[in-house]
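No lab work stands behind these numbers, since they all come straight from the coordinates. Predicted model, so just to flag it, every value in this text is computed and none were measured. Please note: Cβ atoms are built from the backbone with ideal geometry, for glycine as well, and neighbour counts cover all protein chains shown.
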2 protein chains.
Amino acid sequence: MYIESALSNHEPALRRETPESLAAEGAPSLSSLFARQPVERFEAGAAVFWEGDTAAHVFEVVDGVLRVFRMMNDGRRVITGFLYPGDLVGVSLERHYLYTAEAVTPVKLRRFARNRFQSEIHSSPELRPQLFAQLCDEMAAAQDQMVLLARKTAEERVASFLLVSARRLKSVAGAPLVEIPMTRLDMADYLGLTIETVSRTMTRLTQRGVIEPNGRHTILVRKLRTLAVLAGECDEDDSSGETGVPEAGAVRRAVWPH
Amino acid sequence: MYIESALSNHEPALRRETPESLAAEGAPSLSSLFARQPVERFEAGAAVFWEGDTAAHVFEVVDGVLRVFRMMNDGRRVITGFLYPGDLVGVSLERHYLYTAEAVTPVKLRRFARNRFQSEIHSSPELRPQLFAQLCDEMAAAQDQMVLLARKTAEERVASFLLVSARRLKSVAGAPLVEIPMTRLDMADYLGLTIETVSRTMTRLTQRGVIEPNGRHTILVRKLRTLAVLAGECDEDDSSGETGVPEAGAVRRAVWPH
DNA sequence: CGTTGAATTGATACTGGTCAATTCTAGTGG
DNA sequence: CCACTAGAATTGACCAGTATCAATTCAACG
């Protein structure tokens with residue numbers, strides 16, 4: 001079966017309103033479920049759970065960034081996603097986790113027993129559509145990632161990543177200052193490249209004036225439109241204007257000359 | 001949020017029992033929802049819907065195979081999945097489909113109005129977990145595909161594809177005879193390769209006696225264990241035995257030397 | 001200020017892509 | 001029933017984009 005996102009380009013449906021805001025208003029939301037759980041802290045690099053562990057809990061990211069990855073038996077690593085505040089980890093029907101979750105930055109999480117989570121979801125007509133929406137968003141993101149991995153060049157991949165990172169920010173007027181908390185190795189394993197290729201590509205983007213690194217984990221995006229064009233999936237008209245962030249709900253064409 | 005499959009290796013949770021069997025028994029199942037809808041036929045190559053179309057319906061595949069794909073604006077195509085009898089297409093919260101669905105073979109479908117589908121799901125405590133299970137399966141399959149696209153070699157990709165195709169069959173005793181209904185171009189666009197590379201890789205597998213083509217769309221798998229090893233994600237012990245199909249629920253390790 | 005892992009940069013290798021030429025095969029029509 | 005045809009698949013020669021290997025350089029932290 002195939003599902004789609006409630007919002008194009010994977011702005012997560014529920015991420016806009018912070019967990020706190022909803023919980024405070026008493027509106028039933030997925031994160032309000034977790035609100036009473038104690039906050040647990042993980043230092044950067046620490047694993048929340050491992051691929052193969054018994055999947056006993058569902059987690060909500062409260063603060064920080066997680067990486068979620070799978071390893072091939074010879075050590076090749078694939079990061080299937082990064083998780084941000086408001087995201088859930090470990091929702092599943094499987095007895096064991098199918099991936100490892102690690103803290104990229106220091107992370108705060110809330111934990112919920114799996115079976116309790118399931119029964120809460122099952123019995124709440126408010127929560128169910130929200131969970132469903134998150135699944136749809138995640139599926140859409142996975143499909144974008146498949147497009148990236150299957151057909152995009154190194155430059156398109158890096159540009160796509162930076163673009164999505166830029167969109168995650170509350171777009172500061174003009175050029176957004178993007179935080180890249182993860183290492184180049186994380187980026188490489190997420191984009192299906194090597195560190196060297198990621199590094200070279202970013203150097204080239206810098207030389208062309210598209211981005212302007214500010215330390216290793218902060219990047220000023222100087223030409224957002226250019227970045228969007230380089231990323232692939234958008235119509236490549238003017239890259240001169242260099243105005244604000246291209247809106248998320250962009251039009252999609254339905255033409256395919258067979 | 002991240003979810004996992006109810007069954008490893010993406011044997012779909014609900015696919016085993018045919019739609020008919022369940023519907024006949026009156027057991028509430030996703031496909032029983034569709035059972036009263038008229039069957040629609042699509043000839044090979046016909047589109048069921050296009051990326052960008054208003055997403056007004058959900059479809060159940062009754063017979064045949066669909067390909068689901070997205071196009072980049074310059075024509076690069078990525079097939080994100082193939083759909084088989086029992087699968088649903090078009091489940092979404094989005095107003096428009098995010099991908100095109102086309103018939104690979106002559107296909108029979110049943111159609112269900114989107115809002116009716118949603119309310120049925122919403123009001124049925126039996127159906128909901130089944131839909132959830134399908135979402136989980138699909139998410140797990142998407143993650144496998146990301147691993148394939150991000151890190152596997154051409155040979156590993158082709159081997160993985162043939163292996164999954166072989167597993168879909170009711171494993172005939174000994175060497176399974178695998179049907180590959182799609183063209184090489186479909187395979188290439190699914191595996192992130194070119195037709196030429198797919199072709200060369202299959203030729204090499206044939207020369208090594210791993211597979212034995214029987215026409216262009218049928219393949220006798222002579223060395224299933226070898227194929228499994230070549231596919232990557234399985235421990236590569238003996239490839240001599242060449243006995244039955246490796247079971248789906250294989251063990252996963254949880255080691256990661258950081 | 002020194003140390004160490006991360007990142008960058010360079011030289012070279014190799015997998016898979018591109019372009020082009022056959023060869024196959026499933027239809028089609030005589 | 002069989003030759004013809006057009007698209008699909010295979011094969012080959014060559015090329016390009018990334019990976020690999022190796023050497024610096026950078027920057028965060030003690």
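A few remarks follow.
- Amide hydrogen neighbours beyond the local backbone of A:Thr218, cut-off 5 Å, H modeled: A:Ile180
- Dipole of segment A:153-230, positive end: most advanced residue of A:Val221, A:Ala154, A:Met202 [Cβ charges, Cα centre]: A:Val221
- Its Cα centre serving as origin, segment B:8-149 has a Cβ charge dipole (Lys and Arg +1, Asp and Glu -1) of approximately 300 debye.
- Normalised radius of gyration (Cα atoms, divided by 2.2 N^0.38 Å) for segment A:51-147: 1.11.
- Nearest-first distances (nm) between copies at B:Thr54, label 7 Å from Cα via Cβ: 5.2
- Residue (of A:Ser29, A:Phe117, A:Ala140) at the positive-pole extreme of segment A:8-149, dipole from beta-carbon charges: A:Phe117
- Student exercise, segment B:153-230 dipole from Lys, Arg, Asp, Glu Cβ charges, in Debye to nearest 20: 300
- Full-extension gain in nm, B:Leu169 to B:Ser123, via 0.36 nm per residue minus C-alpha separation: 13.1 nm
- Among residues other than B:Ser199 with Cβ under 11 Å from its Cβ, the summed charge is +3 (Lys and Arg +1, Asp and Glu -1).
- Using a 7 Å Cα-to-Cβ projection, A:Thr183 label spacings across copies, nm, ascending: 4.5
- Across segment B:8-149, C-alpha contacts under 8 Å between residues 6 or more apart give a mean separation that, scaled by the residue count, equals a relative contact order of 33 percent.
- Estimated vicinal HN-Hα couplings, Hz - segment B:182-187 in sequence order (Karplus 6.51, -1.76, 1.60; Gly, Pro = x): 7, 7, 4, 5, 4, 4
- Ascending list, in nanometres, of distances separating the B:Arg200 label from those of the other copies (7 Å, Cα toward Cβ): 2.0
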